[in-house]
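Here, each number is a calculation from the coordinates, and none is a lab measurement. Keep in mind that this is a model prediction, so the values were computed, not measured. Reconstructed Cβ throughout: ideal geometry from the backbone, glycine too, with neighbour counts over all protein chains shown.
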Amino acid sequence: MSARYGGGLLHLAAALDQPGVLDAGSYVELARLAERGGLDFVTLDDSFARPGPDALGVLCRVAPATRRIGLVPTLTTTHTEPFQVQAAVATLDWIGQGRAGWRIDVSTTEGEARLFGRRHAAPAEAVWQEAGEVADVAAKLWDSWEDGAEIRDVATGRFLDRERLHRVDFTGTAFSVRGPSTVPRPPQGHPVRVVDATDGHARTVAARYADVALVRAAAPAQAADVRDRLREQARSFGRHPDSLRVLVSLLVDLGDGEYAAEPGWGSPLSGRGRELGGGGGPRSTVQGPLYRGGPVDLAELVAAWYADGVTDGFHLVPVEPRRDLERLVNGTVALLQHRGLFRTFYPGSTLREHLGLARPANQYAVTGGTS
Amino acid sequence: MTVRRHLHLAAVFPGAGHLDAGAGTTVWAGERAGSRLAFAPFERLARTAERGLFDFLLLDEEPRLPEHRGRLHELDPAGGPEPVAVLNALAGVTARLGLAATVNAVFGEPYELARRLATLDHLSEGRAGWRVAASADARAGADHRCGGHPDPYGRAAELVSVTRRLWDSWSPDGVPRPFAYRGRHFDIAGEFGLPRSPQGQPVVIQAGESERARELAAASADVLLARHAPLEASRSRYADIRRRLAAHGRTPQDLLVMPGVTVVLGDTAAEAQERAAGIRRQRITPRYALYALERIWGTDLSGCDPDGPLPETAPGTRDGRALALAERWRALAREKGLSIRETVIEASGRQSFVGTPDSVAADLHRYVGEGAADGFVLVPQTPADGLEEFVDRVVPLLQERGAFRTEYRGGTLRSHLGLSRPVPQR
């Protein structure tokens, strides 16, 4: 792995989505399974457009039942309160002791807009611009308390040091926030921001604010292309490209056999790399690129794309969570671990540490200051 | 007047809340005061409350950090995690305890709020409660999309009723049904994301002493969180609330009146009084004494000596309550020859029940037996161990008197509170 740029290890994440399930135990069980496999994080999607529980609430429930795995719920930004969203994400980070992420998403339909009745649906460009503003103001609010602002100084009777709290005075196109936050700076400084960067407007937000970008790509060349462009765009925003992890997001259906990928699903890595060892590649579907085959072939695919520098890792979305996650952990992950490609234990404790991302400095702290 | 035999108990996580409405109650100095940032202190308090068979734990929240004279207030605990998120985590480490959060109803939108609370109610299998806050603090508007509201209480009341419609919108057999609502503050339509919860709806808790708060509670709330008052005053308040309930076609069983109280125990009455005074002294530091005075006087008193006499100048306010309070404090200081700090320690932050476990249990029971309250919300004075002592020493005595449950009978918060499952409104 030393040959790879970014100095990165392979990163793996999995989705826990189980439509219609309201039973906390089944989410806990899946998250524990993923943690047993040493995965970087689990995601739980959320949308006002379909039935289901509040994803952040579910992962708060999962937090005390797990110890190391990152917890990344989706919170949308179009109809929610930015102040409330950042407070909830910061709280998940406190509960999970530095394991929170936030998958940023938007609401684009008129149906969702009617649930709130504040405004009509807006085009993707506008709602993603606002999502960028929410991502920005969230980080400002996380920084609005310097680390250690809660001083509990018995001598002076002061609980807080107000010199270490800051207003953010943010004015966006559709909202404004004064600050400071009601939640002290979370353990990771900034919980990990995740954006699905497949589409253009979202990609700009990802390049500018995300720590992890997800790319739905069926072919390695396509994944590599998006990754290159994301890194370039991140650079143009003044970021170091290595501060951005790019993961390929695939639907996985591991229901068919132990080894053989379904015939006709093969997709050799043309151009950029070697052939897969008899395995299948993902195929484009309406829901996104879908891998269908056995866990061993999936391990081959992961290893091959990763070795070719196409991606920093994978975000895998099981078609049937209870079945596929088990096969993923006990089959695919076990094999990757056996080959020394994936961690067998968590050397770090925060999600940033799993991802090899630094804890960000506080934008309000005075250089050489008291904190 | 029918009287409840059993009393109900709840605890609030100490710190940010202003339940006692006077000087703060939390002792945060010293090693025993746990941080409100880690999960462990919340877990400990919840487990203790559940061990004591409490009805519920309440996590309080302010929509903004408190300010004093235009600057952030530094002397009281402030800032902390978002309560609903914490309760979801606590649902995993408790089995029966009710889990209530203060959520502001002035700035949120009904759909999001209804969904967040319904999620907690489902994941906890029917243990969620919502203390509806209608803080009219205009500064909080600066952090929210809608800005300030000209009619915060009206909006909050409407939001609660819309939220209940959303909770009720699915058919009894779990099929989503469309809702549509148009009122003064909201115009929404669509389908809600969750079925009715195991207890039908989260328990709605209303706080306050004002005419408006009482009326709102009598009209629709399940629990009224009241301020502690002497027995006679509490009885007349209780009677007033019952009259209001009847006027709304509700029975006394439909609303529980639970004052927020502080308890200090000792092996003897004298020792308890001594401990109570010690806690107030620890709380009211010299700076805190000046702060308490400035809140009444409304002027900058930072030049005063906390160990010196009360200021000669009259309060710079025309608020009648503040002027009366200032006069009382001055008279007290004159009479007993007290300094500023001694006056504040003597006059404010008085604990509600101070005594031996036996006498406290008897007092609590008397309030309920004589129709002054249905139960109490305990405000522990130290986060670390404030509740342990009560659970270990007072709860068994209440049980001996037959005044408190010896086991949880049902699984939901409504069943703990003896509330019926609400009939769907549609």
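What to note about this one:
- Relative contact order %, chain B, counting alpha carbon pairs below 8 Å whose residues are six or more apart: 24
- When only the Cβ of Lys, Arg, Asp and Glu is charged (+1, +1, -1, -1), the dipole of chain B relative to its Cα centre reaches about 1040 debye.
- Summed residue charge, Cβ within 14 Å of A:Ala135's Cβ, Lys/Arg positive, Asp/Glu negative: -1
- About the centre of its Cα atoms, chain A shows a dipole size close to 640 debye [charges on the beta carbon of Lys, Arg (+1) and Asp, Glu (-1) only; nearest 20 debye].
- Prolate/oblate/rounded call for the range B:285-347, Cα gyration tensor, a/c under 1.5 rounded: oblate
- Charge dipole (the protein assembly as shown, unit charges on Cβ, about Cα centre) - positive-most of A:Val296, A:Val21, B:Trp167: B:Trp167
- Within the shell defined by Cβ-Cβ distances under 13 Å, the residues around B:Glu158 carry a net charge of +2, with Lys and Arg each +1 and Asp and Glu each -1.
- Peptide A:156-166 - average C-beta neighbours from other chains (10 Å radius): 6
- The range B:194-262 versus the range A:51-126: alpha-carbon centroid distance in Å: 33
- Helix B:231-247 and the long axis of chain B differ in direction by around 20°, with both axes built from C-alpha atoms.
- Projecting the Cα positions of A:Phe170, A:Gly157, A:Pro184 onto the charge dipole of the range A:130-189 (unit charges on Cβ atoms of Lys, Arg, Asp and Glu, taken about the Cα centre) puts A:Gly157 furthest along the positive direction.
- Highest-MSF residue in chain A out of A:Ala63, A:Ala24, A:Ala197 [GNM, Cα springs under 10 Å]: A:Ala24
- Principal axis dimensions, the protein assembly as shown - Cα atoms, whole angstrom, descending: 93, 61, 50
- Spin-label model, B:Arg51 to B:Arg366: label points 7 Å out along the Cα-to-beta-carbon direction sit 3.0 nm apart.
- Counting Cβ atoms of other protein chains within 10 Å of each residue's Cβ and taking the mean over peptide B:115-127 gives 5.
- Net length gained if the chain between B:Ser302 and B:Ser210 were fully extended (0.36 nm per residue, minus Cα distance): 29.9 nm
- Spatially, the range B:369-426 and the range A:136-193 are offset by 36 Å when compared through their Cα centroids.
- Basic side chains Lys and Arg get +1 at the Cβ, acidic Asp and Glu get -1 at the Cβ, and with that the dipole of the protein assembly as shown about its Cα centre reaches some 840 debye.
- Each Lys or Arg adds one and each Asp or Glu subtracts one; over the other residues with Cβ under 14 Å from the Cβ of B:Leu194, this totals -1.
- Mean separation of Cα contacts under 8 Å, 6 or more apart, over the residue count of chain A: relative contact order %: 19
- For B:Arg250, A:Arg235, B:Arg409, A:Arg99, order by how many other beta-carbon atoms lie within 10 Å, fewest first: B:Arg409, A:Arg235, B:Arg250, A:Arg99
- Ranked A:Thr350, B:Thr299, criterion: other C-beta atoms within 10 Å, fewest first: B:Thr299, A:Thr350
- Evaluating 6.51 cos²θ - 1.76 cosθ + 1.60 at θ = phi - 60° for every residue in the range A:70-81, the Karplus couplings come out as x, 10, 10, x, 7, 10, 7, 10, 7, 10, 9, 8 Hz, glycine and proline recorded as x.
- Ordering B:Leu325, B:Leu338, B:Trp297 by the projection of their Cα atoms onto the charge dipole of the range B:285-347, which places +1 on the Cβ of Lys and Arg and -1 on the Cβ of Asp and Glu, puts B:Leu325 at the extreme positive end.
- C-alpha center-to-center spacing [the range B:328-354, the range B:286-301] in angstrom: 14
- Order of B:Cys304, A:Cys60, B:Cys146 under a 10 Å beta carbon neighbour criterion, fewest first: B:Cys146, B:Cys304, A:Cys60
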